Amino acid sequence: MVSVHCHNDLGLAVANSLAAVQAGARQVECTINGIGERAGNCALEEVVMAIRTRQDRYPYDVGIVTEHLYPASQLLTELITFGPQPNKPIVGRNAFAHEAGIHQDGFLKERTTYEIMDPRDVGVPQSRLVLGKHSGRHALRDRCEHLGLSLTREQLDQLYDMFITLADRKKGILDDEVIALFRKVVDQ
């Protein structure tokens, strides 16, 4: 059996490992979160989900319960006292988070527009819409609905104006802040 063992010096460990699989390798030596010496090793979670997501290109069964990938990453983080970078594919804090208004709108209309895999398939409970200065009305209205807040179109416009003013001053708007802004709009 041919095995592949790639280091991530140029950020190509996963790509090179997948190329090796296509060329006949049937074992990929990899690590959770891609940890390893220097720039790290091939990331197990990325290889596994690439194979699972692209069965048309990689018709193989890896025998891994993918719902355990994120919990395993979190456990490793606790054990070694540092975690993956926030934008790390599959297990990073922002892997299933959307802040840009166009992404949020597309996501709310059709999740698969911006997510080629369901976060639950890797053990992440759900995607997140991060409310910030780049968020649009659709995301704000969606958050209000989740919070049980009903708005007319005019109230949404007022709320959005106040929301943008606040979002320009700070990063990330919390639910409590949305509720406080909602109360100001309703009291007017």
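Name the residues in segment 20-41 that are touching an Asp or Glu at 6+ places or on another chain (Cβ under 7 Å), on the phi < 0 side of the Ramachandran plot and part of a loop (DSSP other than H, G, I, E, B), would you?
ALA39
Is one or more of the residues making up segment 84-92 in contact with a Pro (Cβ under 9 Å, 6 or more places away or on another chain), of a type in the set (Gly, Ala, Ser) and surrounded by 16 or more Cβ atoms within 10 Å (Cβ to Cβ)?
Yes, segment 84-92 contains at least one residue that is in contact with a Pro (Cβ under 9 Å, 6 or more places away or on another chain), of a type in the set (Gly, Ala, Ser) and surrounded by 16 or more Cβ atoms within 10 Å (Cβ to Cβ).
So which of ILE116, ILE64 is surrounded by fewer than 17 Cβ atoms within 10 Å (Cβ to Cβ) and modelled with pLDDT of 95 or more?
ILE64
Quick check on ASP142: is it in a helix (DSSP H, G or I) and over 23 Å from the mean Cα position of the chain (by Cα)?
No, not satisfied.
Among the residues of segment 161-174, write down those that are open to solvent by less than 60 Å² (accessible area, probe 1.4 Å) and either in a loop (DSSP other than H, G, I, E, B) or touching a residue at least 24 places away in the same chain (Cβ under 8 Å) (or both).
Of everything in segment 161-174, those that are open to solvent by less than 60 Å² (accessible area, probe 1.4 Å) and either in a loop (DSSP other than H, G, I, E, B) or touching a residue at least 24 places away in the same chain (Cβ under 8 Å) (or both) turn out to be PHE163, ILE164, ALA167, GLY172, ILE173.
Against the definition (over 30 Å from ALA72 (Cβ atoms), surrounded by fewer than 13 Cβ atoms within 10 Å (Cβ to Cβ), more than 18 Å from the chain's Cα centre (by Cα) and modelled with pLDDT of 90 or more), how does LYS109 come out, yes or no?
The answer is no for LYS109.
So, SER150, is that one polar (S, T, N, Q), surrounded by 18 or more Cβ atoms within 10 Å (Cβ to Cβ) and not in a helix (DSSP H, G or I) or not?
Spelling it out, it is not the case that SER150 is polar (S, T, N, Q), surrounded by 18 or more Cβ atoms within 10 Å (Cβ to Cβ) and not in a helix (DSSP H, G or I).
So SER17 fits all but one of (1) polar (S, T, N, Q); (2) surrounded by 19 or more Cβ atoms within 10 Å (Cβ to Cβ); (3) in a loop (DSSP other than H, G, I, E, B); what number is the exception?
For SER17, the failing item is (3).
So for segment 122-143 (the condition being of a type in the set (Lys, Arg) and closer than 29 Å to ALA39 by Cβ), does at least one residue qualify?
Taking every residue of segment 122-143 in turn, at least one turns out to be of a type in the set (Lys, Arg) and closer than 29 Å to ALA39 by Cβ.
Of everything in segment 41-76, what is β-branched (Val, Ile, Thr) and over 15 Å from ASP118 (Cα atoms)? Give them in sequence order.
VAL47, VAL62, ILE64 - these are the residues of segment 41-76 that are β-branched (Val, Ile, Thr) and over 15 Å from ASP118 (Cα atoms).
The values are calculated or read from the model by the stated rules, or taken from the named source; none is laboratory data. Computed from a predicted structure; not experimentally measured. Positions of Cβ are backbone-derived with ideal geometry, glycine not excepted, and every protein chain shown enters the neighbour counts. Side chains are part of the model used for accessible areas, which takes the heavy atoms of the whole protein and leaves out ligands, DNA and RNA. Shrake-Rupley method; radii C 1.70, N 1.55, O 1.52, S 1.80 Å.
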